[in-house]
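Participant: Just dropping this structure here.
Taken together, the values in this text are just the output of simple stated rules run on the coordinates, not laboratory data. No experiment lies behind these values; they were computed from the predicted model shown. Don't worry about glycine lacking a Cβ; one is built from the backbone with ideal geometry, like all the others, and counts go over all protein chains shown.
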Amino acid sequence: MRGFERQVEEMMLANQANWDQRTPIHLASSFYGVDGSRPAESWFAEYEWGDLGELDGVDLLHLQCHLGVETVALARRGARVVGLDISGESVVQARSVANRHGVDIEYVQGNVYDALDVLGGRTFDRIYTGKGALCYLPDLDVWADVVSRLLRPGGSFYVVEFHPLLYALGVVPPADGSQELVLRNDFLSGRGAEKRDATYTYTDGPPLTEARVAYEWRHEVAAVVNALVGAGLVIERLRETAKLPWPRWQGMVQDDDGWFRLPDEAPRIPLLYAVSARRPLE
């Protein structure tokens with residue numbers, strides 16, 4: 001956490017407490033399907049596996065892993081996986097989830113910004129993160145520098161994130177009961193932290209009884225790409241795609257791959273983006 005003002009540190013500590021409170025609700029929810037009702041692999045689009053490449057025998061770090069559902073899928077592909085998350089409760093439950101699925105995963109509690117120290121200077125062949133992670137990071141330049149230092153020369157980084165347009169769109173329900181998506185929130189960053197009422201989490205389940213405030217930071221795609229480039233990584237691919245692993249809005253259509261898109265009559269817009277980057281050989 002070096003270099004952060006005390007106010008930002010307190011916001012991140014509030015987020016840590018909030019995720020500790022969310023974790024048991026998420027564990028019991030049907031959303032993640034940790035009871036086996038949803039395969040861990042279903043959280044990955046087919047293009048993700050192609051971009052990640054062969055994982056057998058690869059040392060892989062999953063940053064901001066939460067319950068470790070995606071971490072399990074990565075381990076099943078043969079990677080030697082370490083998962084890191086800011087929430088101590090998430091790490092405890094992630095270990096339980098891994099044991100339930102019979103996979104060997106090491107989990108470590110720590111803030112992403114402290115990962116170099118928390119992981120004892122270890123480096124990795126691949127690093128993966130995404131799907132709702134970057135909005136909890138106030139400084140992408142520091143984040144990208146940490147990612148670069150965690151990678152071995154020639155190692156690759158892959159981030160899959162919700163497109164900023166997804167955050168910017170909101171629903172206006174007309175009188176006839178249909179839905180209309182309109183721009184209601186910022187697409188670009190620049191306003192600083194957004195304080196959110198996190199009494200209810202994004203899954204089904206009861207309200208939180210404490211730690212009901214969370215802070216988020218908006219980051220446009222350009223900010224992510226430029227931070228990675230600034231940290232010395234080489235961008236190899238940028239994707240923007242029109243599907244989500246869960247239905248964000250009513251009326252979304254589920255395809256044969258299990259993912260959801262807007263109906264055919266709706267405009268085609270990006271809902272996810274993915275960036276592949278590599279640390280050059282030294």
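Participant: Tell me the relative contact order for the chain as a rounded percent, counting alpha carbon contacts under 8 Å between residues six or more apart.
Facilitator: The normalised contact order for the chain reaches 19 percent.
Participant: If you don't mind, another one. For a test of the definition: using alpha carbon positions, the gyration tensor, and the 1.5 limit on a/c, classify segment 34-120 as rounded, prolate or oblate.
Facilitator: The shape class here is oblate.
Participant: Please work out the Kirkwood hydrodynamic radius for segment 80-159, using every pair of different C-alpha atoms, and report it in angstroms with one decimal place. Walk me through the numbers on the way to the answer.
Facilitator: Values: mean 1/r = 0.0745 Å⁻¹.
When all Cα pairs of segment 80-159 are included, the Kirkwood radius is 13.4 Å.
Participant: Output the peptides 73-84, 32-43, 258-269 sorted from most to least packed, where packing is the average of other Cβ atoms within 10 Å over each peptide's residues.
Facilitator: 73-84, 32-43, 258-269
Participant: With both partners inside segment 103-258, how many of the DSSP beta bridges are antiparallel, as a percent to the nearest 5?
Facilitator: Bridges in segment 103-258 are about 55 percent antiparallel.
Participant: With runs of 4+ DSSP H residues as the only contributors, calculate the mean residue ellipticity of the chain at 222 nm using -39,500 (n - 2.57) per run, divided by the residue total and rounded to the nearest 500.
Facilitator: -8500 deg cm²/dmol
Participant: Taking 2.2 N^0.38 Å as the expected size of a compact globular protein, what ratio does the Cα radius of gyration of segment 125-236 give against it, to two decimals?
Facilitator: With N residues counted in segment 125-236, Rg over 2.2 N^0.38 Å equals 1.30.
Participant: Rounded to whole Å, give me the distance from the Cα center of segment 27-49 to that of segment 110-152.
Facilitator: When both Cα centres are located, 23 Å separates them.
Participant: I'd like the Kirkwood hydrodynamic radius of segment 1-76, using the inverse of the mean 1/r over distinct C-alpha pairs, in Å.
Facilitator: On the way: mean 1/r = 0.0672 Å⁻¹.
The Cα-based Kirkwood calculation yields 14.9 Å.
Participant: Put one equal scatterer on each alpha carbon of segment 1-150, apply the Debye formula with no solvent term, and list log10 I(q)/I(0) at q = 0.11, 0.13, 0.17 1/Å to two decimals.
Facilitator: These q points yield log10 I(q)/I(0) values of -0.41, -0.57, -0.99.
Participant: Could you put 188, 151 in order, starting from the residue whose Cβ has the fewest other Cβ atoms within 10 Å?
Facilitator: Ordered by Cβ neighbours within 10 Å, fewest first: 188, 151.
Participant: More than 36 Å apart: what percent of Cα pairs in the chain qualify?
Facilitator: Working: 4268 of 39621 pairs.
Counting pairs separated by more than 36 Å, the tail of P(r) holds 11 percent.
Participant: Hey, another quick one. What list do you get for 241, 201, 209 if you sort them by fewest beta carbons within 10 Å?
Facilitator: Least to most surrounded, the residues fall as 209, 241, 201.
Participant: I would also like to ask the following. Using the Cα gyration tensor of segment 81-122, with a ≥ b ≥ c the square roots of its eigenvalues, what is the shape: rounded (a/c below 1.5), prolate (a/b larger than b/c) or oblate (neither)?
Facilitator: Values: a/c = 3.89, a/b = 1.70, b/c = 2.29.
It comes out oblate by the Cα gyration axes.
Participant: Using only the Cα atoms of segment 206-248, what semi-axes does the equivalent ellipsoid have when each is the square root of 5 times a gyration tensor eigenvalue? Give whole Å, largest first.
Facilitator: Gyration-tensor ellipsoid for segment 206-248: 31, 18, 8 Å.
Participant: Considering only DSSP beta bridges with both partners in the chain, what is the antiparallel share in %, to the nearest 5?
Facilitator: So the antiparallel bridges in the chain amount to around 60 percent.
Participant: Testing the spin-label approximation: label points 7 Å from Cα along Cα→Cβ at residue 202 and residue 99. State their distance in nm.
Facilitator: 2.9 nm
Participant: Another question, if that's okay. Given a Förster distance of 25 Å, report the FRET efficiency between residue 249 and residue 106 from their Cβ-Cβ distance, rounded to the nearest 0.05.
Facilitator: So the FRET efficiency works out to roughly 0.10.
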